[in-house]
1. Express in nm, to one decimal, how much length is gained between Arg61 and Glu214 on full extension, taking 0.36 nm for each residue of separation and deducting their alpha carbon distance.
2. Please find the FRET efficiency linking Glu51 to Glu112, where r is the Cβ-Cβ separation and R0 is fixed at 22 Å, and quote it to the nearest 0.05.
3. Extension gain Ala69-Lys21, at 0.36 nm per residue separation less the Cα-Cα distance, in nm?
4. Could I have the simple spin-label model distance between Phe126 and Thr204, label points 7 Å from Cα toward Cβ, reported in nm to one decimal?
5. So what is the relative contact order of the chain, in percent, for Cα pairs below 8 Å that sit 6 or more residues apart?
6. Determine by what factor the alpha-carbon radius of gyration of region 4-226 differs from 2.2 N^0.38 Å, reporting the quotient.
Amino acid sequence: MMRLVFLCDFDGTVSPTDIGKCFIERFTPAPGTHLPELERRWRSGEFGHRELTKAECESVRCGAAEAGAFADGFRLDPHFAPFARTALERGDEVCVLSEGFDFYIRALLEREGLLSVPYFSNHLRFEGDRVVPEFPYHARSCGRCGNCKGAHVRDWRSRGYRTVLVGDGLSDRCAAREADVVLARDSLLEWCRSEGRAAREFGTFADVAAIALELERGAAEAGRIENGAVPRAIERP
């Protein structure tokens, strides 16, 4: 039976709050009026997420200690840790894919004892009170993303996994084009509907956990059929 991998966006998904956006806004000196214009240009497709991140970080003033203290104020979806542990115990994989920054992703996963969950994100280097974004996965991306989630989906599929994307935002579009199953909410759900792409709506990771069990049962039934068993619903007396 093919194993599942749940590829989870972080900001707004694993964490109910977009921590990366909050970080940029908190540590950009007032008035920071250019930030909405940068986001508008990204949403319109004028430039990619890599360019957006670089432009936003130019005005950020924050040291490493301040950033760590800032991350301490956020929490994960309370249903994520139980979901992840159950999925791993079942033999599936859980992976975080993010266009955000590693310093807060690692801190929050570590707090929940979830450093066994791999994560792929952008890196933020602190130089005094200035920050420099680095994109360790850019070379294997679509060219517009800092960390192209679609490339990660393809990698997992090449390893024999059925890929399940869990996301909420427009930075998940590359992954949504590639994933076998898409679980979406907010702007990602709106985009999927506008593009005519199949997606199941979720609210929290309690919903994701329930859908995961459905997918497991479906995979098991498909395996029985492939091996010559007759589905119970159409068994003959």
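1. 50.5 nm
2. So the FRET efficiency works out to roughly 0.10.
3. Additional length available on full extension: 15.7 nm.
4. So the two model labels end up 3.2 nm from each other.
5. RCO, the chain: 23 percent.
6. In units of the globular-protein estimate, region 4-226 measures up at 1.02.
Bear in mind these aren't lab numbers, they're just calculated from the coordinates by the rules spelled out. Since the model is a prediction, treat every value here as computed from it, not as a measurement. Cβ coordinates were reconstructed from backbone atoms using ideal geometry, including for glycine residues, and neighbour counts include every protein chain displayed.
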